[in-house]
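Trainee: After the structure tokens below, expect a handful of questions from me.
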Amino acid sequence: MKKKLSAFGKELRRNSQLRSGLILLAILLIGAIGAPVFATHDPFALYDSIRVAPGTDGFIFGTDALGRDIFSQILYGAQTSLKIGVIAASISAVVGTLIGGIAGYFGGVVDKIIVEFINIFVMTPSFFLILIIVAIYGSDIRYVMIVIGLTSWPSNARLMRAQAISLRQRTFVKSAQAIGVSRLSIMFKHIIPNGIFPIIANTTMQISGAILTEAGLSFLGLGDPNIVSWGQMISAGKTYLTKAPWISAIPGVFVVITVLTFFLIGEGLNRFISPKMENNK
Amino acid sequence: MKRYILKRVLTGIVIVLVSVCINFVLIRCAPGDPVRILAGLDDPNEDQIAVLTAQYGLDKSIPEQFVVYIGNVLRGDFGFSYVNQKQVIDLIAEKVVPTLLLSLSALTIAVLGGTLLGIYCARKNGKLIDKALCAVSYVFDATPSFWLGLMLILIFASWLGILPTSGMENMRGHYTGIRHVLDVMQHMILPVGTLALIQFPYYFRIARSSVLQVMSEDFITTLRATGMKEKKIFNKYVLRNALIPTVTILGSSLAFLLSGSVYIETVFSWPGMGRLLFDSIGKRDYPVLSGIYLILAITVAVMMILVDVVYSLIDPRIKYD
Amino acid sequence: MKRFLAMVLTLAMLLSLAACGSDSNTETTSAAGNSTAGETNAAGETSSVDTSDIYGGVAVQEGGTFVIGATGDPQSFNPDYLSDDYLWPIAQNMFNRLVKLTTDDTVIPDLAESWEFSDDGLTLTFHLREGVKWHDGVDFTSADVKWTYDTIIAESWNRSSSLESVESIECPDDNTVVFHLKSADITIIPKLGWYGLFILPQHLYEGQDPATCEAATTNPVGTGPFKFESYETGVGVTLVKNEDFWGDEPNPDELIFAIYTDQDTLYQAFLNGEVDVMGTSLPSANVGELDNDDNYRVFTQLAQNRTYITFNFDDPDFSKVEVRRAVELAVDRQGIFDRVGGAGAVAEYYVSPLQTDYLDENYKIPDRNVEEARALLESAGYTADADGYYIHTTMDVFESGNFANIAQIVKANLAEAGIDITINMMEMSAWTEKVQQNKNFSVSMLAGYQGPDISGLAGRIQSDGATNIGGYSNERIDELFALSNVETDITQRAAYYSEIQQIMSEEVPMVFLLDNGGQYAFPSNVLGSPYDLPELAASSEYTYLAFAAE
């Protein structure tokens, strides 16, 4: 364990993307979890200072068109963004790992069917699917997370399938088979745990994707009005773009930072996995 | 090779059919009635609703409607848009041009710019300019396109006032010929710029990392050992191999350009397919939705097959069963 | 005859044009003073406005190209077939009807020079203007009128209901049209000047598909002051001056309706000078910002259009008057107005403030009082849960204008009084099915036209009212509407309406939030807008538009 930690420390020193990503993530987490502590105002409360510029009347980032404090909304919005990103990407990871694992490990007809199934999904422009489902069936944040998760799993499935195909040739899998361990338990005990690393890196990237997708849906007016979300803040500020540009500008900056955070971590992890890219500094 | 292509074409057709079917059912099962929307919220004319429902065949069951639809499509009839009161195929033909104009220009700039910068940075690997460009690419990769669009409007149209806010042409001008082209180009700067900025990081990083990877391969080292000039090695061997991933990705991204166009067309009031799709969802314009989806699915399928072919031409090592 | 005239006058006041009022894209600008509508014109006098002085003595440039903002593509160029808000402003400049409804809601002659009712009110004769030609040079005749109306009725086109009192139409000669009515109906006159009853060229439409024939798509032909020139999907429609127009000579050489699908973008384009006429009211976020700007002339109009919270009367909570009253006491109407009110006003009474003859000031919506709201809920037997809420409910709201913002404010307001609201934002099509058709809701929000006559309110609270989606029902109210509809004496009518307001104030069938209005801006060098000439021009009619001389 200690050895692993020190290896990780060493990696961190070498891997600038992972390092800066993790630092940013720490800041984001502190902001999101500590939102009730750091927030200067109630994010939903309507104050009499309507559309005041940052720094006015004690509103650090100003207020929006309804008189809500942008700074506090940013903090609570961080919770939303992180939650959406993590949950949607986790759904994608679980579904992708299972489907990919089964295809790769079981092989044969099962594999062929699953591969074609994945092809269908890859060829379906998932964004349109998400748009149609959310527009038509409602913008409840739970649907949004599930729909994003259920449309982004194919890349994970492909990764896991490749991993499973190579792992099933390995000695420890073969010997487990020889002593009669069931195929399912081999998959869960050996294949998935040993092949999961690329999935973790890819899932981190998908957190970014999910956050961007939610922001985009909110921008098109398909956000859940019962939560604070950066995408909705950008959308609400669009009307006041010239008069009160901060309403749109500030949440946008935070979307960029958050998405960037997970990109960096994902890229950092990828470099960690494939040392061949070592020189790719 | 021929057998392989044939097989890909056949699976392509099956996949297109399945996804169109899913889409068809999904949209028609959704709450909301297109004819009622046509009739308006207050005081709808029930007589006209009944007439139009029958005229558009919406009184039939969904499976029946699907059979009719597929039959019509096979005969080349993509249906009639309720909202726009015209043939879906004409409507899409009208709207696809502005969208392609926008997205192909942006894609060209992003691919050329991104790839060239990527190759440049790979050769300057580790230098300050490389690090700076990498950082920039990460930031733009993380930027939502609609937000970038808004910010560019704010800066270039509202504050500096040097570019038009939106739209595709200056109606008042009645420009013809070269003036018209220039006018449209001026309106394209902001939306194309936004799209290109959002997309270039992708091509930048792929080009950069594949060049680096190829350069580290054994055959390059061998070539170096033979005393071949570095420039020649690069131009003759590295570039060729390093461009393969870009080509692969190009095919799929072309088909997905439309997704991004929804945002850009919304922000810039650009009269294209993205807006048409979004508006049609709201109005439940079934034939238009099915039509766009069908064409999209076919495009993606064709693109994927084309990419495979191009791929095999670039890299003869790849063999198909 | 005298009795019939009295009936005419009364009915004229009862014009029920409510139907299209809430369509947001062609804001109807009905203001107060409708009691004169139709009154002077029932006899069909020709208007005698002196057109030489329409620009108030300011020198103007002759001709010019005017760019007018539009927010979407027209569905087709057939103005009568479907309800099409995007075609309306274009149609207003290309086509004519028998009569014209001007911006101040008076009826003036258009293709009909004059008209008269028979003594029994069952026959209505129109005398058409002579020498009118279609844009393609063919003569306009009474046959076109008969064909248009017959087709609208026979094929159930969008506004066929406006002609429901028509038994048959005949044309004794080329310049006379006679309506045989099923029953006396004076309201038909202003309806003929409203939506969906433009006269179409029979020679181009007969036997053709109403939406896809040439006349409805690539080559529309009307009798109006401007002729169709070109249309580019998503970009715009160009009309040019009709040199042979039979009426006042149009001033603009060219009208270009430029499409900006987004209202905010359109406003930016207007400020940048890319667009001369907004074509719609200012976005509510921008109301007031041009008021003191010398570069613009601004017209502000309050409409008989109110935004309100509506309840499902089958809901266990909101069927209780205490709960509805608590909502009324808890909402911060002033706060809503300050944030998203735009050119409107805070709702203060139970009827539109424009109904000066009928508004009873004794029945005023109570001021905000959160404590009292809580007390009412407790008196109704509610107890607060751990989070301090008495009631948890969902409000279904559709995407439209400021609704999303109002819903956010209402949510925050009601939370203070212990009513927890989850907002369910829906597309209008899904909302229509869930709320309007299936009545599957607790609380929702609506806005819409409720004029021009005070009886426009009936559709919203009468038991069988078309927009009474919550199923509110009060026998006495139904009775009062019935009584007032046949009452000719204004004082007595006002008494009926006073009682209606009293019941509304006691039972709170809906919670009024805002009186809506619109602000219309023109660059100060653009003259002759429909708002400058309310007695001469129809809404969105740009015949008189002119640039001030340099």
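The values are calculated or read from the model by the stated rules, or taken from the named source; none is laboratory data. If you're wondering where the values come from, they're calculated on a predicted model, not measured in any experiment. Note: ideal-geometry Cβ built from the backbone for every residue, glycine included; neighbour counts use all protein chains shown.
Trainee: From the set of residues in region B:61-85 that are surrounded by fewer than 16 Cβ atoms within 10 Å (Cβ to Cβ) and part of a loop (DSSP other than H, G, I, E, B), which is farthest from the chain's Cα centre (by Cα)?
Mentor: B:Ser61
Trainee: Next question, about the same structure. Applying the selection to region C:96-140, what residues are assigned to a loop (DSSP other than H, G, I, E, B), under 25 Å from C:Phe77 (Cα atoms) and hydroxyl-bearing (Ser, Thr, Tyr)?
Mentor: Passing the criteria: only C:Thr103.
Trainee: Anything in region B:209-221 that is at pLDDT 85 or above and more than 8 Å from every other protein chain (Cβ to nearest Cβ)? List them, or say none.
Mentor: B:Ser210, B:Val211
Trainee: Okay, moving on. Residues that are in contact (Cβ under 8 Å) with a residue 60 or more places away in the chain and crowded, with 22+ Cβ neighbours inside 10 Å: find the helices (runs of 4 or more DSSP H) completely inside region C:351-436 holding 3 or more of those.
Mentor: Because the criterion is at least 3 residues that are in contact (Cβ under 8 Å) with a residue 60 or more places away in the chain and crowded, with 22+ Cβ neighbours inside 10 Å, the helices (runs of 4 or more DSSP H) in region C:351-436 that meet it are C:403-416.
Trainee: For region A:143-165, give me each residue that is touching a Ser or Thr at 6+ places or on another chain (Cβ under 7 Å), within 24 Å of A:Ile186 (Cβ to Cβ) and assigned to a helix (DSSP H, G or I).
Mentor: A:Asn156, A:Met160
Trainee: I've got another one for you. Out of all the residues in region C:154-198, which are in a strand (DSSP E or B), surrounded by 15 or more Cβ atoms within 10 Å (Cβ to Cβ) and not aliphatic (A, V, I, L, M)?
Mentor: If the condition is that a residue be in a strand (DSSP E or B), surrounded by 15 or more Cβ atoms within 10 Å (Cβ to Cβ) and not aliphatic (A, V, I, L, M), then C:Cys171, C:Thr176, C:Phe179 are the ones that fit.
Trainee: So, of the residues in region C:302-328 that are among the aliphatic types (A, V, I, L, M) and crowded, with 22+ Cβ neighbours inside 10 Å, which turns out to be farthest from C:Thr383 (Cα to Cα)?
Mentor: The residue in question is C:Ala303.
Trainee: Mind checking which residues of region B:271-291 are under 16 Å from the mean Cα position of the chain (by Cα) and within 8 Å of another protein chain (Cβ to nearest Cβ)?
Mentor: B:Pro271, B:Gly272, B:Arg275, B:Leu277, B:Phe278
Trainee: Still on this structure: Out of region C:211-245, which residues are more than 14 Å from chain B (Cβ to nearest Cβ) and within 16 Å of C:Asp84 (Cβ to Cβ)?
Mentor: The answer is C:Gly222, C:Phe228.
Trainee: Out of all the residues in region C:143-152, is one or more part of a helix (DSSP H, G or I), at negative phi and among the small types (Gly, Ala, Ser)?
Mentor: Within region C:143-152 (the criterion being part of a helix (DSSP H, G or I), at negative phi and among the small types (Gly, Ala, Ser)), the answer is yes, since at least one residue qualifies.
Trainee: Still on this structure, I have one more. Take A:Thr97 and tell me if it is closer than 13 Å to A:Leu159 by Cα, of a type in the set (S, T, N, Q) and assigned to a helix (DSSP H, G or I).
Mentor: Judged against the criteria, A:Thr97 is a match.
Trainee: With B:Tyr311, B:Tyr293 as the choices, which residue is modelled with pLDDT under 80, in a helix (DSSP H, G or I) and either among the aromatic types (Phe, Trp, Tyr) or at positive phi (or both)?
Mentor: The match here is B:Tyr311.
Trainee: Could you grab me the full set of residues in region A:59-86 that are within 13 Å of another protein chain (Cβ to nearest Cβ), of a type outside the set (Ser, Thr, Tyr) and assigned to a helix (DSSP H, G or I)?
Mentor: Of everything in region A:59-86, those that are within 13 Å of another protein chain (Cβ to nearest Cβ), of a type outside the set (Ser, Thr, Tyr) and assigned to a helix (DSSP H, G or I) turn out to be A:Gln73, A:Gly85.
Trainee: I'd like to verify a number: residues in region A:112-151 that are of a type outside the set (Val, Ile, Thr) and farther than 17 Å from B:Ile22 by Cβ, how many?
Mentor: Total meeting the criteria: 8.
Trainee: From the list C:Glu274, C:Glu249, which one is part of a loop (DSSP other than H, G, I, E, B) and modelled with pLDDT of 90 or more?
Mentor: Only one candidate qualifies: C:Glu249.
Trainee: Right, here's the next one. Being more than 14 Å from every other protein chain (Cβ to nearest Cβ) and not small (Gly, Ala, Ser) is the requirement here; does A:Ile50 meet it?
Mentor: No, not satisfied.
Trainee: Tell me which residues, restricted to region A:204-228, are within 14 Å of chain C (Cβ to nearest Cβ), assigned to a helix (DSSP H, G or I) and of a type outside the set (Ser, Thr, Tyr).
Mentor: Selection gives A:Leu217, A:Phe219.
Trainee: Additional query: Going through region C:420-457 one residue at a time, which ones are away from every other protein chain (no Cβ under 11 Å), modelled with pLDDT under 90 and closer than 20 Å to C:Arg324 by Cβ?
Mentor: Answer for region C:420-457, where residues must be away from every other protein chain (no Cβ under 11 Å), modelled with pLDDT under 90 and closer than 20 Å to C:Arg324 by Cβ: just C:Leu457.
Trainee: Still on this model: In region B:20-60, which residue that is more than 26 Å from C:Leu163 (Cβ to Cβ), within 13 Å of chain C (Cβ to nearest Cβ) and of a type in the set (A, V, I, L, M, F, W, C) is surrounded by the fewest Cβ atoms within 10 Å (Cβ to Cβ)?
Mentor: Restricting to residues being more than 26 Å from C:Leu163 (Cβ to Cβ), within 13 Å of chain C (Cβ to nearest Cβ) and of a type in the set (A, V, I, L, M, F, W, C), the top hit is B:Cys29.
Trainee: Another one. Could you pull out the residue among C:Arg306, C:Arg297, C:Arg324 that is away from chain A (no Cβ under 14 Å), assigned to a helix (DSSP H, G or I) and touching a strand residue (DSSP E or B) at 6+ places or on another chain (Cβ under 7 Å)?
Mentor: Of C:Arg306, C:Arg297, C:Arg324, the one residue that is away from chain A (no Cβ under 14 Å), assigned to a helix (DSSP H, G or I) and touching a strand residue (DSSP E or B) at 6+ places or on another chain (Cβ under 7 Å) is C:Arg324.
Trainee: Hey, among the residues in region C:161-207 that are aromatic (Phe, Trp, Tyr) and under 24 Å from the mean Cα position of the chain (by Cα), which one's farthest from C:His127 (Cα to Cα)?
Mentor: Selected residue: C:Tyr195.
Trainee: For region C:459-490, which positions are part of a helix (DSSP H, G or I), of a type in the set (Gly, Ala, Ser) and in contact (Cβ under 8 Å) with a residue 24 or more places away in the chain?
Mentor: Correct list: C:Gly459, C:Ser484.
Trainee: Quick one: which of A:Gly268, A:Gly223, A:Gly195 is modelled with pLDDT under 90 and farther than 30 Å from A:Leu18 by Cα?
Mentor: Being modelled with pLDDT under 90 and farther than 30 Å from A:Leu18 by Cα holds for just one of A:Gly268, A:Gly223, A:Gly195, which is A:Gly223.
Trainee: Looking at B:Leu296, B:Leu250, B:Leu239, which one is more than 30 Å from B:Trp147 (Cβ to Cβ) and more than 14 Å from chain C (Cβ to nearest Cβ)?
Mentor: B:Leu239
Trainee: Answer yes if at least one residue in region B:156-174 is hydroxyl-bearing (Ser, Thr, Tyr) and under 21 Å from B:Leu100 (Cα atoms), and no otherwise.
Mentor: Yes, region B:156-174 contains at least one residue that is hydroxyl-bearing (Ser, Thr, Tyr) and under 21 Å from B:Leu100 (Cα atoms).
Trainee: Can you tell me which condition B:Gly227 does not meet? The list is (1) part of a helix (DSSP H, G or I); (2) free of Cβ contacts under 8 Å to residues at least 60 places away in the same chain, and all the others hold.
Mentor: (1)
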